[in-house]
Amino acid sequence: MDRDFLVPEPLATPQGTVAFFDETWSVDPRELQIFFQAEQVYWTADRTIEQWRRLLACSRLLTARLVPEGHRGGRLVGATRLWSDHAYEAKLYDVVTAQDIMGFGVASELVKWALRHPWVGEVHRFVLETRDAAEFYPRFGFRMGHEMESLHMRVKTSELQARGLR
Ligand SMILES: CC(C)(COP(=O)(O)OP(=O)(O)OC[C@H]1O[C@@H](n2cnc3c(N)ncnc32)[C@H](O)[C@@H]1OP(=O)(O)O)[C@@H](O)C(=O)NCCC(=O)NCCS
């Protein structure tokens with residue numbers, strides 16, 4: 001499969017050209033932390049550099065950068081993290097676009113790229129969790145868990161500890 005075919009085409013925005021990169025192995029976790037803090041992404045507020053490193057070791061990090069000619073190294077303006085068990089389930093995390101460049105298709109390109117990313121393998125489904133953007137995902141086919149054949153269940157590790165299970 002042609003790798004270049006799978007990467008989204010650069011996107012023209014009023015702020016300039018946005019290009020897309022798979023930066024799993026090359027991104028500086030400190031840059032990610034600064035970006036997510038600057039964009040006030042609440043669920044990453046207490047994420048440390050060490051946690052970013054561990055997350056990058058088991059998932060893929062797809063980015064969008066504002067660049068003059070589609071080259072690596074421009075300002076980070078979007079990110080999506082992708083995880084897969086390569087057999088049944090893949091999951092999208094950390095879907096974020098910089099506030100000054102929202103509404104131009106950056107997140108849509110990142111999500112569509114994640115959904116066709118070959119690293120995922122042959123899985124049965126993609127899942128994600130969202131508090132604020134539930135209306136964004138149906139355009140890609142996502143539906144609420146209670147509308148599907150099974151219910152999504154989870155438990156916090158603090159609850160497990162309280163029960164003596166961890
Ligand atoms: C949600 C988010 C990633 C969308 O990024 P984006 O690059 O602006 O998205 P796109 O330009 O590809 O798509 C824009 C479309 O999504 C819709 N959209 C954007 N944010 C939305 C939200 N929070 N809820 C519902 N719809 C949303 C827009 O109305 C627009 O719809 P249209 O195409 O019908 O006009 C961005 O708003 C963001 O970073 N929000 C803060 C972080 C967040 O909540 N992330 C989702 C975590 S699961």
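The values are calculated or read from the model by the stated rules, or taken from the named source; none is laboratory data. No experiment lies behind these values; they were computed from the predicted model shown. So basically every Cβ, Gly included, is an ideal-geometry build from the backbone, and we count neighbours across all protein chains shown.
Can you say whether residue 6 is at pLDDT 95 or above and either surrounded by 11 or more Cβ atoms within 10 Å (Cβ to Cβ) or at negative phi (or both), as far as the supplied structure shows?
Details: at pLDDT 95 or above: no; either surrounded by 11 or more Cβ atoms within 10 Å (Cβ to Cβ) or at negative phi (or both): yes.
No.
Just to confirm my filter: which strands (runs of 3 or more DSSP E) fall fully inside region 56-151 and include at least 2 residues that are charged (D, E, K, R)?
Once the strands (runs of 3 or more DSSP E) in region 56-151 are filtered for at least 2 residues that are charged (D, E, K, R), what remains is 60-66, 75-84, 89-97.
Pick from 50, 9: which is farther than 21 Å from residue 99 by Cβ, among the charged types (D, E, K, R) and assigned to a loop (DSSP other than H, G, I, E, B)?
So the residue among 50, 9 that is farther than 21 Å from residue 99 by Cβ, among the charged types (D, E, K, R) and assigned to a loop (DSSP other than H, G, I, E, B) is 9.
Which condition from (1) at pLDDT 95 or above; (2) hydrophobic (A, V, I, L, M, F, W, C); (3) not in a helix (DSSP H, G or I) is the one that residue 19 breaks?
Tallying (1) at pLDDT 95 or above; (2) hydrophobic (A, V, I, L, M, F, W, C); (3) not in a helix (DSSP H, G or I), residue 19 fails exactly one: (1).
Can you spot a residue in region 33-43 that is within 24 Å of residue 105 (Cβ to Cβ), without any contact (Cβ under 8 Å) to a residue 12 or more places away in the chain, in a loop (DSSP other than H, G, I, E, B) and not aliphatic (A, V, I, L, M)?
yes
For residues that are under 16 Å from the mean Cα position of the chain (by Cα), among the hydrophobic types (A, V, I, L, M, F, W, C) and surrounded by fewer than 16 Cβ atoms within 10 Å (Cβ to Cβ), tally how many sit in region 9-33.
Total meeting the criteria: 1.
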